[in-house]
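Everything below concerns the one structure shown next.
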Amino acid sequence: MKESSLDNTKDRFQLWTADLVCPVSDLPIRNGAVLTSNGKVVAVGEEEFIRPHSTFVTERHFKNSILIPGLVNSHTHLELSGMQISPSKLSEWIPNLVSQIREWPSHLFLSSSRIGTANSISSGVTCVGDISVSGESKTAIVDAGMRGVIFHEFLGINDREAEIIFNKKMEEISESKNYEGESNEFVRNGLSPHSPYSTSSELYKRTVSYGSLNNWKVATHLLESPDELQFLETGEGGFQDMFKKLKIDIDFFEPFGCSPIEYFNQKGILRKIDLVVHCNQTDENDWRLLRTNGVHVCICPRSASFFEHQIADIMQMRSQGVMLCLGTDSLASSPSLSVLEEAIALREEDSSIEASELLMYCTLSGSKALGFENEGVGSIMPGGVADFTVVEIPEDYKYLDIEHLFDKRSVVTCTVINGIIRFEKKT
């Protein structure tokens, strides 16, 4: 009988076992195990069936724990992690934010981003969709060994300035320090026209067209607050005062007269956007357009609570087939960078969400939105990346279930990226 390639290899293997393994792309496995080598998953299944007959195996067992894919934070602002701003209306919070970071040198953006990556990894997050004004968060993410898309932010509400703003930003991106080369497979460039109240339609068109032609992911903020919707539809409301505080001339602004989602659909912009964030002030027509244009929607429940925004009808969004994922926003507007805590908050909005669906929002859904699903990010599958998270469950549960991941007492105890432990909770 021939030896299997697994038995015959000199590669070192790692066997990670837990009471319950949830691959997400397949059914949960009791007394499960994940076999890894060289940063990739070799096999996943019941321990007795995938244990290799080899002396080159190191083992790690996680007691009373559930092993899941590395969590995906589909929307965050890591470079704001070192900031603290008191809760207020969004139209008041934005000027406070701008006044603080306006004079920041690049090293402060980098230091703040490093705080964010450390917090992310300790929360079980291995992949992020990060919005960046400075571009410095890319270095922090690469140094931490994480994966993600850096969505470079475009701002400028005057159509006449769109070409200049776009060209200047693209020049900054191309000239910025390109850590480990443009082809870095872990951290990719993306584009983010900030929001229709701060980015002109012409700048949107240029940005989304570039993304579509060059296969760069595009993300944008949409309909986060009632004041935003009022401003876009009528040109009035709290955002008028915000622009006065920021000393930005908006006399030329022409209201859309409809939802920005409807407006972007009419202009051919919506179909070139991969990910929209928040969508708190949306209705059935908006959801239909998002679904038919294949746009993912990232919900940030605790950020909505921070600003006291009413969140969209999650149950109806789900029934309409909207593709949902989860994000934390920033530490300047949310208590932590924990995607699991966001999931708990989301269920408070819609108690009908099954635990398996909730876990999907935390993992594979975000991976698809960011374009990493074919590499195994957000799931545990043979040939995929060896990124996973271990969650310790309270001891009063004797028979573990996915449901227990969303118990507020459950704790992330280990985060593994490329088969290497990047975080481990001290006992």
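The values are calculated or read from the model by the stated rules, or taken from the named source; none is laboratory data. All figures in this text were calculated on a predicted structure; none of them were measured in a lab. No Cβ is skipped: glycine too gets one built from the backbone with ideal geometry, and neighbour counts run over all protein chains shown.
Yes/no per residue for (1) of a type in the set (A, V, I, L, M, F, W, C); (2) outside the structural domain of S99 (by TED's automatic domain parsing); (3) closer than 18 Å to K408 by Cα:
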| site | (1), (2), (3) |
| --- | --- |
| L324 | yes, no, no |
| E341 | no, no, yes |
| S351 | no, no, yes |
| E354 | no, no, yes |
| L358 | yes, no, yes |
| C362 | yes, no, yes |
| A369 | yes, no, no |
Which one is nearest to F151 (Cα to Cα) among residues in region 212-254 that are aliphatic (A, V, I, L, M) and part of a helix (DSSP H, G or I)? L213
Residues that are in contact (Cβ under 8 Å) with a residue 60 or more places away in the chain and on the phi > 0 side of the Ramachandran plot, drawn from region 307-359: E308, D329
Options H53, H61; residue that is at pLDDT below 95 and over 21 Å from L337 (Cα atoms): H53
Would you confirm, using the coordinates I've provided, whether T389 is closer than 12 Å to V72 by Cβ, of a type outside the set (G, A, S) and either modelled with pLDDT under 95 or in contact with a Gly (Cβ under 6 Å, 6 or more places away or on another chain) (or both)? yes
On the given criteria, is E46 charged (D, E, K, R) and crowded, with 20+ Cβ neighbours inside 10 Å? no
When region 194-208 is checked residue by residue, the ones that are among the β-branched types (V, I, T) and under 25 Å from E236 (Cβ atoms) are T199
When you check G257 against the structure, is it at pLDDT 95 or above, small (G, A, S) and either in a loop (DSSP other than H, G, I, E, B) or in contact with a strand residue (DSSP E or B) (Cβ under 9 Å, 6 or more places away or on another chain) (or both), yes or no? no
Can you name the helices (runs of 4 or more DSSP H) wholly within region 70-162 that have at least 3 residues being under 17 Å from the mean Cα position of the chain (by Cα)? 106-122, 137-143
Region 204-224, residues that are of a type in the set (S, T, Y) and farther than 21 Å from C325 by Cα: Y204, T207, S209, Y210, S212
Taking region 350-383 and the residues there that are among the charged types (D, E, K, R) and under 22 Å from A219 (Cβ atoms), the one that is nearest to the chain's Cα centre (by Cα) would be K368
Give just the number: which of (1) surrounded by fewer than 19 Cβ atoms within 10 Å (Cβ to Cβ); (2) closer than 17 Å to K217 by Cβ; (3) of a type in the set (F, W, Y) does F264 not satisfy? (1)
In region 329-349, what residues are touching a Lys or Arg at 6+ places or on another chain (Cβ under 7 Å) and either closer than 13 Å to I311 by Cβ or of a type in the set (V, I, T) (or both)? E342, I344, A345
With region 311-380 as the region, which helices (runs of 4 or more DSSP H) entirely inside it contain at least 3 residues that are surrounded by 18 or more Cβ atoms within 10 Å (Cβ to Cβ)? 339-349, 355-362, 364-370
Just to be sure, is E136 outside the structural domain of C414 (by TED's automatic domain parsing), in contact (Cβ under 8 Å) with a residue 24 or more places away in the chain, buried (at least 22 other Cβ atoms within 10 Å of the Cβ) and farther than 22 Å from T415 by Cβ? yes
Condition check for I250: crowded, with 21+ Cβ neighbours inside 10 Å, touching a residue at least 12 places away in the same chain (Cβ under 8 Å) and not polar (S, T, N, Q): no
Selected residue (only one of S209, S200, S183 is farther than 30 Å from S88 by Cβ and modelled with pLDDT of 95 or more): S209
Do any residues in region 283-299 that are over 21 Å from E342 (Cα atoms) have Cβ atoms under 7 Å from those of residues that are loosely packed, with under 14 Cβ neighbours inside 10 Å, where the two are at least six apart or on different chains, and which pairs are they? R291/G321
Scan region 78-91 residue by residue and report those that are surrounded by 17 or more Cβ atoms within 10 Å (Cβ to Cβ) and either acidic (D, E) or out of contact with any helix residue (DSSP H, G or I) (no Cβ under 8 Å at 6 or more places or on another chain) (or both). E79
Quick one: is K408 more than 24 Å from V42 (Cβ to Cβ), under 22 Å from the mean Cα position of the chain (by Cα) and either not in a helix (DSSP H, G or I) or not polar (S, T, N, Q) (or both)? yes
